[in-house]
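The values are calculated or read from the model by the stated rules, or taken from the named source; none is laboratory data. Owing to the predicted nature of the structure, the values given are computational and were not obtained by experimental measurement. Neighbour counts are summed over all protein chains in view; Cβ atoms, including those assigned to glycine, are modelled from backbone coordinates with ideal geometry.
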Amino acid sequence: MTVTTNPSTNGPGGATNSGGPGGSVTSADITDATPAGRQVLTAADEAAQRTAIGAVALTPAQSAVPATGVAALDASNVLRGLDGLPLPVGSATTAIAASRTALTADNSATLELASGVTYSLSNAVALPHGVTLMGPASGTAIIAVTGSATINGGTSSITVAANTAYTVLPRAGAPAAFVVRGG
């Protein structure tokens, strides 16, 4: 890449060129640039720029994931949380037709509860990234606790109305304590 200077224009910060001859500056002439910085300046396109700095382009599904608690994409382009667990992205909503206790596989999932279903949170199942629970199209469902688990500091159950959604998140350092918000 070559940049041509014009002695009649103002430089950065409004400084005026001292009137010396205009000329060309190549990326190699920028003495305080790193090799990666020079590669970015001379890259043919955005993909080459990302390669120069070691960045990875995210898919639309990956870029839709909130950054909170996300460390990075691993070498296999799997999005992982700070705890090293994979974060599924772009997964479909799973219908839950019968009452059951939370499963490890529910971590980061979106589940649609059928009318009359009770979804129980337990101190025996870790959900480090939480779960999203959708209410039924009609009727109600229940979010409940078993064992020593608690919801919002003590509530034993929450009624999930039709066409609502709740986010269930574990409290840090207290895997049996869940915060449930939504409605």
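So, in region 107-130, of the ones that are without any contact (Cβ under 8 Å) to a residue 24 or more places away in the chain and assigned to a loop (DSSP other than H, G, I, E, B), which residue ends up surrounded by the fewest Cβ atoms within 10 Å (Cβ to Cβ)? Steps first, please.
Initial filter on region 107-130 (without any contact (Cβ under 8 Å) to a residue 24 or more places away in the chain): 108-109, 111, 124.
Add one more test, that the residue is assigned to a loop (DSSP other than H, G, I, E, B), and what stays is 108-109, 124.
Details: S108: 20, A109: 20, A124: 14.
The residue in question is A124.
Each row is one residue, and each column tells you yes or no for (1) at pLDDT 65 or above; (2) farther than 26 Å from A149 by Cβ.
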residue	(1), (2)
V40	yes, yes
A61	no, yes
P86	no, no
A92	yes, yes
S115	yes, no
V131	yes, no
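Looking at P136, is it of a type outside the set (A, V, I, L, M, F, W, C) and touching a Phe, Trp or Tyr at 6+ places or on another chain (Cβ under 8 Å)? Talk me through it step by step, then tell me what you get.
Numbers: of a type outside the set (A, V, I, L, M, F, W, C): yes; touching a Phe, Trp or Tyr at 6+ places or on another chain (Cβ under 8 Å): no.
So P136 does not fit the description; no.
For region 131-177, which residues satisfy the criterion of being assigned to a loop (DSSP other than H, G, I, E, B) and among the hydroxyl-bearing types (S, T, Y)?
First, the residues of region 131-177 that are assigned to a loop (DSSP other than H, G, I, E, B): 135-139, 146-149, 152-154, 156, 162-164, 172-173.
Hits for region 131-177 are S138, T146, S148, S156, T164.
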